[in-house]
Amino acid sequence: QVQLVESGGGLVQAGGSLRLSCAVSGGIFSRNAFGWYRQAPGKQRELVAVINIAGSTNYADSVKGRFTISRDNAKNTVYLQMNSLKPEDTAVYYCAVPFTSDWGQGTQVTVSS
């Protein structure tokens with residue numbers, strides 16, 4: 001089973017930046033795709049970005065051009081660089097292996113206006 005631990009969340013002003021990290025252990029990192037998801041209060045969890053084993057990426061329309069997902073196979077870590085943050089980006093952000101039960105515990109991101 002894969003274990004995922006997120007870090008890097010916090011409080012930031014609108015227009016600011018944060019970089020989330022997801023440290024992965026267990027399994028074979030290079031053979032997994034990874035995704036970042038988020039859930040805001042009162043809303044359903046949504047996919048933010050995904051990266052496959054070849055490094056190809058896809059993004060939700062709401063974050064295209066502002067967020068970048070990347071992976072470092074040598075460090076077993078997945079990143080989410082978030083720029084030009086907006087108050088509507090406020091949510092708990094989760095790292096996960098898509099279509100599995102392997103999820104992290106989440107990290108809070110709060111963007112103030």
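Read the figures in this text as sums done on the coordinates, not as results from a lab. No experiment lies behind these values; they were computed from the predicted model shown. Positions of Cβ are backbone-derived with ideal geometry, glycine not excepted, and every protein chain shown enters the neighbour counts.
Here are the numbers for this structure:
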{"quantity": "Those chymotrypsin sites (Phe, Trp or Tyr not before Pro) in segment 29-113 that DSSP places in a loop and that have at most 10 other beta carbons within 10 Å", "calculated": "PHE99"}
{"quantity": "Net +/- balance of residues flanking VAL111 in space, Cβ distance below 10 Å, scoring K and R +1, D and E -1", "calculated": "-1"}
{"quantity": "Magnitude of the charge dipole, the chain, Cβ model with Lys/Arg +1 and Asp/Glu -1, debye to 20", "calculated": "100 debye"}
{"quantity": "Percent of C-alpha pairs per 5 Å bin, segment 49-92, short to long", "calculated": "5, 20, 30, 23, 14, 8, 1"}
{"quantity": "Trypsin sites (Lys or Arg not before Pro) lying in DSSP loop within segment 1-73, provided at most 15 other Cβ fall within 10 Å", "calculated": "LYS43, ARG45, LYS64, ARG66"}
{"quantity": "Estimated D of segment 12-82 in µm² per second, where Rh is the Kirkwood radius over Cα pairs and Stokes-Einstein applies at 20 °C, 1.002 mPa s", "calculated": "165 µm²/s"}
{"quantity": "Positive-end residue, the chain charge dipole about Cα centroid, Cβ charges, pick of ASN52, VAL109, VAL92", "calculated": "ASN52"}
{"quantity": "Cβ-Cβ FRET estimate between ASN76 and THR110, R0 fixed at 25 Å, reported to 0.05", "calculated": "0.35"}
{"quantity": "Rg/Rh for segment 68-113, where both radii come from Cα atoms and Rh is the Kirkwood radius", "calculated": "1.02"}
